[in-house]
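For reference, the structure discussed in these notes is given below.
The values are calculated or read from the model by the stated rules, or taken from the named source; none is laboratory data. It should be emphasised that the depicted structure is a prediction, and the values quoted were computed from it without experimental measurement. In this analysis, Cβ positions are derived from the backbone assuming ideal geometry, glycine residues included, and neighbour counts consider all displayed protein chains.
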Amino acid sequence: MHLLPLVLLPLTAQAINIVSSNDDGWAEINIRQFYKALTAAGHSVVVSAPAENQSGTGSSDKTPTTLTEPCEFNSCPSGSPATGFNASDPRLNYVNSYPVTSMKYGISTAAPPFFNGAPPALAVSGPNVGSNLGLAVYFSGTVGAAHYAAEAGIPAIAFSGSSGSPTAWNAAVPAYSQVYAQLATKITNKIVASGTPYLPDQVWLNVNFPEVSSECAAADDFKFVLSRIFSGIISADDVETCGSSRLPTESTVVGTDGCYVSISVGWSDKTDAAADVQAIVLDKLGDLLGAVGNSIIEWSQNPSVIPALLTPAAPKVGVLGVKATQLPELTLLRPSRSEVANDAANADWFAEYKRIANMSELPTPPPYRLLQPKAFMSLSSRAISRQRDAY
């Protein structure tokens with residue numbers, strides 16, 4: 001098994017005690033790679049995860065039972081006790097039950113002996129094999145485990161990734177598994193560095209990574225975006241960021257080309273937290289979100305995703321990246337394929353953008369999805385931040 005490159009995982013000055021779980025099972029490669037990454041970053045980590053794949057079990061909970069068949073990937077024999085650990089690394093624990101039960105066991109029983117009797121300071125779950133977006137949070141065992149920890153008073157983060165399939169801990173390490181472990185560690189370290197309390201009471205984060213591909217091949221290729229779990233059409237405003245009071249949905253973020261990672265702020269009922277709670281998380285994530293190298297505009301009254309980088313003089317409108325990078329000129333970016341309009345229509349909007357922005361030439365390659373000209377008065381107008389409602 002390949003080791004994670006230590007150069008990407010520097011020791012953190014704020015090393016803490018962390019309990020880790022998932023719903024894909026204790027022997028799945030993603031949780032093992034994340035365990036190694038967190039340990040390499042200096043944290044004290046204890047894994048407590050299901051003996052078998054328990055995907056889709058939500059917040060189910062039951063007393064662990066003796067195994068009547070081997071653990072997943074033959075990682076423990078049939079007849080093994082209801083709970084157990086790896087003989088060569090006792091920090092790796094299995095629980096023959098659901099993810100919530102596994103997290104509960106980790107918090108109360110498996111982890112404290114390694115933490116001088118103290119409870120974990122943070123709980124992490126995943127990275128899950130497959131995304132957990134929108135309604136999936138109600139059924140996800142990965143989310144269920146994080147949600148349980150938050151309800152138990154321990155700040156928690158659920159991580160999920162679009163790439164991959166269930167893989168044994170002792171198989172060749174897929175590239176996506178290493179990348180997801182590095183990204184999850186980066187987010188974890190940022191939350192830890194923000195200081196205690198790491199998250200508000202009853203709050204958990206739902207983090208989703210897009211596919212690892214030739215364009216999104218290394219951890220540094222990814223950008224982080226504050227998002228919401230569900231559409232907010234009839235909800236109260238979100239935290240005010242970059243001229244908009246409506247965050248993009250995590251499905252929109254992950255489904256947009258450009259290696260975007262969604263970070264949603266979950267509440268005790270598995271819905272979105274209120275704006276004042278989002279604001280606390282926004283402040284904690286800080287420049288992790290501000291490091292986004294490009295910005296994608298989402299007009300909350302229209303499902304179209306409008307890619308653009310605005311001039312420094314123009315207010316940012318509904319930007320996915322919480323803090324848009326200030327750029328010297330307008331640049332149009334290619335959106336996801338699902339958002340591309342027909343070529344003929346795009347040509348008209350290109351001409352209007354060029355006229356308004358006074359650009360000498362348009363970037364390539366087309367096509368791009370653009371707002372109709374009536375949707376705004378001018379890219380240089382101070383009123384652009386108000387044109388969302390007129391669309």
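Scan segment 41-49 and give yes if some residue there is more than 21 Å from Val192 (Cα to Cα) and either in contact (Cβ under 8 Å) with a residue 12 or more places away in the chain or surrounded by 24 or more Cβ atoms within 10 Å (Cβ to Cβ) (or both), otherwise no.
Yes, segment 41-49 contains a residue that is more than 21 Å from Val192 (Cα to Cα) and either in contact (Cβ under 8 Å) with a residue 12 or more places away in the chain or surrounded by 24 or more Cβ atoms within 10 Å (Cβ to Cβ) (or both).
For segment 193-293, which strands (runs of 3 or more DSSP E) that fit wholly inside it have 1 or more residues that are in contact (Cβ under 8 Å) with a residue 12 or more places away in the chain, buried (at least 20 other Cβ atoms within 10 Å of the Cβ) and among the small types (Gly, Ala, Ser)? Please lay out each step first, then the result.
Numbers: elements: 204-209, 223-227, 260-266.
Ranges flagged: 223-227, 260-266.
Looking at (1) closer than 18 Å to Asn74 by Cα; (2) buried (at least 22 other Cβ atoms within 10 Å of the Cβ), which is the only condition Asn53 fails?
The one condition Asn53 does not meet is (2).
Being within 24 Å of Ala219 (Cβ to Cβ) and of a type in the set (Phe, Trp, Tyr) is the filter here, so list the residues in segment 120-179 that pass it.
Phe159, Trp169, Tyr176 - these are the residues of segment 120-179 that are within 24 Å of Ala219 (Cβ to Cβ) and of a type in the set (Phe, Trp, Tyr).
Those residues that are among the aliphatic types (A, V, I, L, M) and part of a strand (DSSP E or B), I need them from segment 119-130; list them, please.
Leu122, Ala123, Val124, Val129
What are the residue pairs meeting all of these: first residue in segment 93-106, first residue under 18 Å from Ala156 (Cβ atoms), second residue surrounded by fewer than 24 Cβ atoms within 10 Å (Cβ to Cβ) and of a type in the set (Asp, Glu), Cβ atoms under 8 Å, and 6 or more apart or on different chains?
Once the first residue is under 18 Å from Ala156 (Cβ atoms) and sits in segment 93-106, its partners that are surrounded by fewer than 24 Cβ atoms within 10 Å (Cβ to Cβ) and of a type in the set (Asp, Glu) give Tyr98/Asp61; Val100/Asp61; Thr101/Asp61; Lys104/Asp61.
Could you please find all residues in segment 61-85 being closer than 26 Å to Ala121 by Cβ and surrounded by fewer than 17 Cβ atoms within 10 Å (Cβ to Cβ)? Quick ask: steps written out before the conclusion?
Just the residues of segment 61-85 that are closer than 26 Å to Ala121 by Cβ, to begin with: 61, 64, 83-85.
Matches in segment 61-85: Asp61 only.
Given segment 28-118, what strands (runs of 3 or more DSSP E) lie entirely inside it while holding 3 or more residues that are under 23 Å from Leu183 (Cα atoms)? Walk me through it before giving the result.
Values: elements: 44-50, 83-86, 89-95.
Of the strands (runs of 3 or more DSSP E) lying wholly inside segment 28-118, those with at least 3 residues that are under 23 Å from Leu183 (Cα atoms) span 44-50.
Pick out the one residue from Ala136, Ala168, Ala152 that is over 23 Å from Ile280 (Cα atoms), surrounded by fewer than 18 Cβ atoms within 10 Å (Cβ to Cβ) and more than 12 Å from the chain's Cα centre (by Cα).
Working: Ala136 fails: surrounded by fewer than 18 Cβ atoms within 10 Å (Cβ to Cβ); Ala152 fails: over 23 Å from Ile280 (Cα atoms).
Matching residue, one of Ala136, Ala168, Ala152: Ala168.
For segment 131-186, enumerate the residues that are of a type in the set (Val, Ile, Thr), part of a helix (DSSP H, G or I), out of contact with any Ser or Thr (no Cβ under 7 Å at 6 or more places or on another chain) and farther than 17 Å from Arg228 by Cα.
Across segment 131-186, the qualifying residues are Val179, Thr185.
Of the conditions (1) more than 24 Å from His43 (Cβ to Cβ); (2) modelled with pLDDT of 95 or more; (3) within 16 Å of the chain's Cα centre (by Cα); (4) among the polar types (S, T, N, Q), Ser213 clears all except one; give me its number.
Only one criterion in (1) more than 24 Å from His43 (Cβ to Cβ); (2) modelled with pLDDT of 95 or more; (3) within 16 Å of the chain's Cα centre (by Cα); (4) among the polar types (S, T, N, Q) is unmet by Ser213, namely (3).
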